[in-house]
Amino acid sequence: MAQLKILVLVGSLRKDSFNRQLANAIVKLAPAGVEFQHARIDDLPLYNQDDDANPAAAVKRLKAEITAAQGVLFVTPEYNRSVPGVLKNAIDHASRPYGQSAFAGKPGGVIGVSVGAAGTAMAQQHLRNVLAYLDMPTLGQPEAFIHNKDGLFDADGGIGEASKAFLQGWMDRYVAWVKQHAG
Ligand SMILES: Cc1cc2nc3c(=O)[nH]c(=O)nc-3n(C[C@H](O)[C@H](O)[C@H](O)COP(=O)(O)O)c2cc1C
């Protein structure tokens, strides 16, 4: 039985998303006893504060999933040097109504892959700003700015040899971080 549950939010809705592939590949590096659950964000309405008193079923589901998890892992592309709107929309939903954020105190992890050489660095930095406001203790090091190159993924959808040691180290540190902060 899993001792730790970590919710994964991927900031791309694209069918062949590299970030979804990365999310699927890194969870294979998780130690025993850790369960990763992928959150759905494509059916969330656009956030409208008028709806705070009557949130959509998809919003209630997302907040319940975050509440039930011991940590939240964000796997995000970079759109125009920031996070995609779909991810920000999900974050805004789960952070509201004021004082009822599902994120407070949940240990966060941030990682992302881009076709650009900077590997989502700017998007991750923007996201860290948001997570700080949401009172999420977020793993600072190692940073993981992944540049999508041939061989990043192996034929089975795992992490390829060239990046495996680095990403295994990242996963080990993140799981330890969640354990430390999970309460
Ligand atoms: C609207 C848009 C903006 C983008 N802006 C950036 C950017 O600022 N930096 C970057 O490295 N890549 C940028 N890209 C390229 C993405 O890195 C690339 O499309 C990537 O595959 C998206 O992630 P995904 O494969 O998980 O969907 C942008 C792509 C789109 C569609």
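FYI, it's all coordinate maths here, none of it is from the lab. In this text, all values refer to a predicted model and were calculated from it rather than measured experimentally. Here the Cβ positions follow ideal geometry from the backbone for every residue, glycine too, while neighbour counts run over all protein chains shown.
Data overview
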{"read-out": "Filter result (surrounded by 15 or more Cβ atoms within 10 Å (Cβ to Cβ), in a strand (DSSP E or B) and more than 16 Å from the ligand (Cβ to nearest atom)) within the range 36-57", "value": "36"}
{"read-out": "Test: residue in the range 60-82 that is out of contact with any helix residue (DSSP H, G or I) (no Cβ under 7 Å at 6 or more places or on another chain), within 16 Å of the ligand (Cβ to nearest atom) and part of a helix (DSSP H, G or I)", "value": "no"}
{"read-out": "Evaluation of residue 13 against (1) among the hydrophobic types (A, V, I, L, M, F, W, C); (2) within 15 Å of the ligand (Cβ to nearest atom); (3) crowded, with 19+ Cβ neighbours inside 10 Å (one fails), failing number", "value": "(3)"}
{"read-out": "First in the range 27-41 and closer than 20 Å to residue 176 by Cα, second anywhere and basic (Lys, Arg), Cβ under 6 Å, 6 or more apart", "value": "35/5"}
{"read-out": "Test: residue in the range 106-126 that is in a loop (DSSP other than H, G, I, E, B) and touching a Pro at 6+ places or on another chain (Cβ under 7 Å)", "value": "yes"}
